[in-house]
Every structure is written in structure tokens, then in C-alpha cells.
Amino acid sequence: MDLYEHQARELFKVHGIPVPDAAVVATPREARAAAELLGGRAVVKAQVKTGGRGRAGGVKLAAGPEAAELITRRMLAMHIKGHPVRKVMLARPVDIADEYYVSYVLDRAAGAFVAIASAEGGTEIEETAATRPDAVVRIPVDPAEGVTAAGATEIARAAGLPAEAAGVLQRLWQVMVREDALLVEVNPLAKTTAGRLLALDGKVTLDDNARFRQSRWGAGEGDPHGGPLEAAAAAGGLNYVRLDGQVGVIGNGAGLVMSTLDVVAGCGARPADFLDIGGGASARVMADALALVLSDPQVKSVLVNVFGGITACDAVAEGIVRALESVAVTKPIVVRLDGNSAAKGRAVLDRRAHPLVQQVTTMDGAARKAADLAAAATASDAASGTRADAPADVHSVIHTDLGA
Ligand code: GDP
Ligand code: MN
């Protein structure tokens with residue numbers, strides 16, 4: 001789960017990393033009041049879970065409260081890389097002498113944590129990393145030992161940061177460990193003209209697997225789910241990721257669902273989601289899953305692909321029947337059942353004989369059918385002038401180490 005900048009800032013503060021004074025607001029009027037409290041001038045910053053805001057117009061200096069109000073009004077109407085701006089943060093401006101980059105990230109390929117640091121931070125860090133890799137140092141961090149005082153000093157020295165940065169590096173490691181983060185990044189870590197170090201921008205990705213021991217993530221702070229569908233899926237305990245295509249995909253087991261996405265794509269269609277009902281799923285789980293996917297306006301057809309193992313196909317079929325009874329089904333559903341109790345499951349669906357449900361016995365055949373049905377529905381929408389459904393508000397997961 002990625003945090004917003006203002007949430008990252010709060011965590012930094014808790015762990016003693018210096019940050020500028022700031023306030024988060026959702027209206028231009030509040031922005032004016034916040035700027036007044038900050039002393040008049042303010043840096044207005046769009047709160048979106050994507051990098052490169054500054055270059056996209058999402059970071060602006062307001063000369064006074066009135067300007068803060070105006071800039072906020074404009075920013076709240078913006079989308080940055082597809083992310084609508086719902087809140088802005090106003091921060092007390094600082095005079096910057098130098099900008100550094102520091103982060104810790106879990107390097108899955110190396111099976112280790114790595115510290116990444118550069119004396120040339122700021123919005124150009126990705127170019128710097130690409131064109132002059134020597135300007136960015138990567139130093140492995142032993143997870144058992146962590147970042148000791150000596151380790152932090154070494155990272156600062158290797159990257160050419162001032163010696164005081166070692167303290168920030170140690171505290172940032174505490175954020176990584178205590179908050180169960182997979183990524184913590186400060187860019188820029190600014191040195192002010194008065195000689196102070198301040199974390200001016202932060203990015204934190206928390207490890208969802210640690211949710212059980214991080215009680216604070218529960219309400220408000222986390223905001224783990226991109227939109228209402230994700231929130232509904234999380235509430236129902238479904239493993240769901242919304243994508244941007246037209247074929248709703250439901251299967252059992254992450255591997256099978258991933259392969260199903262590939263096969264759908266291989267048929268020239270685009271999957272609308274990844275939904276894994278898991279091993280041993282009950283009829284209720286299947287019914288919830290189907291209802292969720294059917295409620296997504298971008299879905300034109302649904303492909304249910306189940307290979308029964310611990311999950312019995314008749315339970316899956318019962319779940320489909322249950323969903324057909326409880327929600328108004330207007331989209332075609334293609335079902336492929338194989339494995340444990342497949343014959344029983346197929347018989348359940350045959351008996352129900354719903355006009356929008358069809359069974360195909362192979363995975364390839366079912367994907368082909370679902371893709372064709374989605375294409376036909378999209379074509380008929382276009383012919384009848386139906387407006388394409390608005391794209392979902394889904395935030396993209398950040399894959400790069402160095403998202404500025
Ligand atoms: P990003 O574009 O999403 O990485 O947004 P940042 O919060 O990192 O801001 C981008 C750039 O704006 C920074 O690298 C700074 O150069 C500049 N900036 C941000 N806050 C301040 C500030 O308080 N004073 C000054 N002078 N520049 C700032
Ligand atoms: Mn930044």
C-alpha cells in the first residue's frame with residue numbers, strides 16, 4: 001500500500017525526521033486559511049500517489065493566502081497522470097541550498113534491503129540515475145544488523161552527502177523497520193540556506209502482509225484501496241485488483257488467474273480485473289466475487305475459470321446460481337469448470353439454464369468466447385452511441401526504486 005505524501009510526512013515526523021510545517025486541505029477556502037496560519041506564503045502540493053508531480057504542475061509556490069486559494073482551486077480540478085487531485089498539502093516554503101536523494105527499498109532480486117542515495121536529488125533523479133549511474137550509490141543493508149551509526153555515516157560518505165545526513169538515514173531506517181515498509185524515500189532531502197536538513201517530499205510503501213500487527217493502519221490513515229470496488233473487495237476478503245479492460249476475470253489461485261489474464265490478452269481482449277477466490281472458496285465467496293465484477297461498469301463480459309482442487313466446482317456453481325438470483329445480470333458470463341466435482345458443477349449450471357450463462361470446457365475456448373462477447377458488446381455500445389464508461393480511479397503501484 002502506497003501512502004500519500006502527507007501520510008509519509010506524518011511517519012517521518014513520528015520518527016524524528018525534520019519536515020516542514022504543513023497542513024492538508026480539500027477546499028480552496030481551507031487552503032487560504034492554512035496559508036495564513038503558515039505565515040502567508042506556501043508551497044501548494046497535489047496529493048496524488050504518483051511521482052513527477054512538480055513537473056506536471058502539481059507543486060506550486062503561492063505568494064500569499066489569496067494565491068494559495070487560487071492555486072488550490074486549479075489543482076483540485078487537475079488529474080496528474082490519471083490521478084484526480086482530491087486534497088492538497090500546503091507547506092511552509094524553505095530556501096533550498098542543495099537537494100539530496102535517500103531511500104531504502106526491498107530489493108527482491110538481491111533478496112536484501114538496499115540504501116540508495118545521491119547528492120544530486122530533486123526532480124531529475126531518474127535521468128541522473130540513467131545517465132550518470134555513478135552519481136547514485138546503492139549499498140546493501142543487512143536486515144539483522146540494520147543501519148547502524150557507522151553504516152549511516154558510510155552511506156552518507158559514499159553518496160557525498162553532508163555528515164549530518166547520517167542521522168536522517170538512521171531515523172529513516174527506523175521508519176522502514178518499525179512501520180513495516182517496503183520502500184521509504186525522501187526526495188528531496190533538502191539542505192536549507194540556513195544549513196538545516198529537511199525532508200521536503202516523501203514516499204512510503206507499507207507491506208500489506210504486516211497489516212495484522214499494524215493496528216494503526218485500520219481507519220483513515222491507510223486508504224489502501226483505490227476505489228469503491230477495491231474497498232468492497234477488501235471488505236469481502238476478496239483478492240482483487242482492478243485493471244482497465246472489458247473482460248471480468250474470476251478464478252481460483254493466483255497462478256491460474258494470472259494465466260487466465262494472459263490467455264484473455266492472447267485473444268486480443270483486455271482483462272478488467274484480477275480476482276482470485278482462493279483455495280477452498282465457498283459458494284458465498286463465489287457469489288460475492290461475481291456480484292462485484294458484474295457491478296463494474298467497464299466489464300462487458302465475465303470469464304469464470306476454475307480448476308477445482310480444494311475448491312469444489314459444485315460449490316462454485318452454487319455460488320454463480322446464488323449471484324444470478326441476487327443481482328440483476330445483464331452481461332454474458334462464460335464459465336469453465338474443470339477438476340474436482342466439475343461434472344456436478346456443470347450439471348448445476350445446466351439445470352439453472354440462465355440465458356446469459358454459457359459453459360465452455362477448455363480454458364482457451366472459454367477465454368475466446370468471453371473476448372468475443374466483450375468485443376461484440378463494445379461494438380454495439382459504440383453503434384448505439386453509449387458513452388464509454390469513465391475509467392476507474394485506480395492508482396498504479398509504483399514499481400521503480402527512484403520515482404522522484
Ligand atoms: P515531486 O515533483 O512529486 O517529486 O514533488 P516535490 O515535493 O519533490 O517537489 C518538487 C520540487 O519542488 C523539489 O525538488 C524542490 O525543488 C521544489 N520544492 C518543493 N518544496 C519547496 C520549497 O519549500 N521551497 C523551494 N524553494 N522549492 C521547493
Ligand atoms: Mn519529490
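Throughout, read-outs are computed from the coordinates displayed, never taken from laboratory work. No experiment lies behind these values; they were computed from the predicted model shown. Quick reminder, even Gly has a Cβ in these numbers, built from the backbone with ideal geometry, and neighbours come from all protein chains shown.
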Suppose we flag GluC sites (Glu not before Pro) only when DSSP calls them loop and at most 16 other Cβ atoms lie within 10 Å. Which is the longest uninterrupted stretch of the chain?
222-404
Give me L292, L198, L172 sorted ascending by neighbouring Cβ count inside 10 Å, so fewest comes first.
L198, L292, L172
Could you list the trypsin sites (Lys or Arg not before Pro) in region 19-64 that lie in coil according to DSSP, counting only those with at most 14 other Cβ atoms within 10 Å of their Cβ?
R55
Using only Cα atoms, tell me the angle between helix 149-159 and the longest principal axis of the chain; keep it within 0 to 90° and round to the nearest 10.
90
Reachable lysines, given that their alpha-carbon falls under 19 Å from the alpha-carbon of K300 and they are not under 8 places away in the same chain
K331, K369
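Most exposed first by the Cβ proxy, i.e. fewest other Cβ within 10 Å, how do V24, V304, V14 rank? Write out the running numbers ahead of the final one.
Details: V24 20, V304 30, V14 13.
Ranking V24, V304, V14 by Cβ neighbours within 10 Å, fewest first, gives V14, V24, V304.
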Just want the ordering: V48, V88, from fewest to most Cβ atoms lying within 10 Å of their own Cβ.
V48, V88
Calculate the spin-label point distance for A210 paired with S384, positioning each point 7 Å from the Cα along the beta-carbon direction, and give it in nanometres.
5.0
I need the calculated FRET efficiency for the pair R74 and R41, taking r as the beta carbon distance and R₀ as 25 Å, to the nearest 0.05.
0.90
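Using a ≥ b ≥ c from the Cα gyration tensor of region 266-306 (square roots of the eigenvalues), is it rounded, prolate or oblate, where a/c under 1.5 gives rounded and otherwise the larger of a/b and b/c decides, a/b for prolate?
Working: a/c = 2.82, a/b = 1.53, b/c = 1.85.
In terms of gyration-tensor shape, oblate.
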Using alpha carbons only, how many degrees (0 to 90, rounded to 10) separate the axis of helix 363-383 from the longest principal axis of the chain?
80
Taking 0.36 nm per intervening residue step and subtracting the Cα-Cα distance, what contour gain separates L356 from R132 on full extension?
74.9 nm
Checked the chain with the C-alpha gyration tensor, a ≥ b ≥ c its square-rooted eigenvalues, rounded below a/c of 1.5, otherwise prolate if a/b is larger than b/c and oblate if not; verdict prolate
Using the alpha-carbon atoms, what tilt in degrees (0 to 90, nearest 10) does helix 254-266 show relative to the longest principal axis of the chain?
80
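Calculate, in nm to one decimal, what A234 and D107 gain on full extension: separation in residues at 0.36 nm each, minus their alpha carbon distance.
Stretched fully, the A234-D107 segment lengthens by 43.0 nm.
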Whichever lysines have a C-alpha closer than 21 Å to that of K203, once near sequence neighbours (fewer than 8 apart) are set aside:
K13, K45, K49, K60, K81, K87, K191
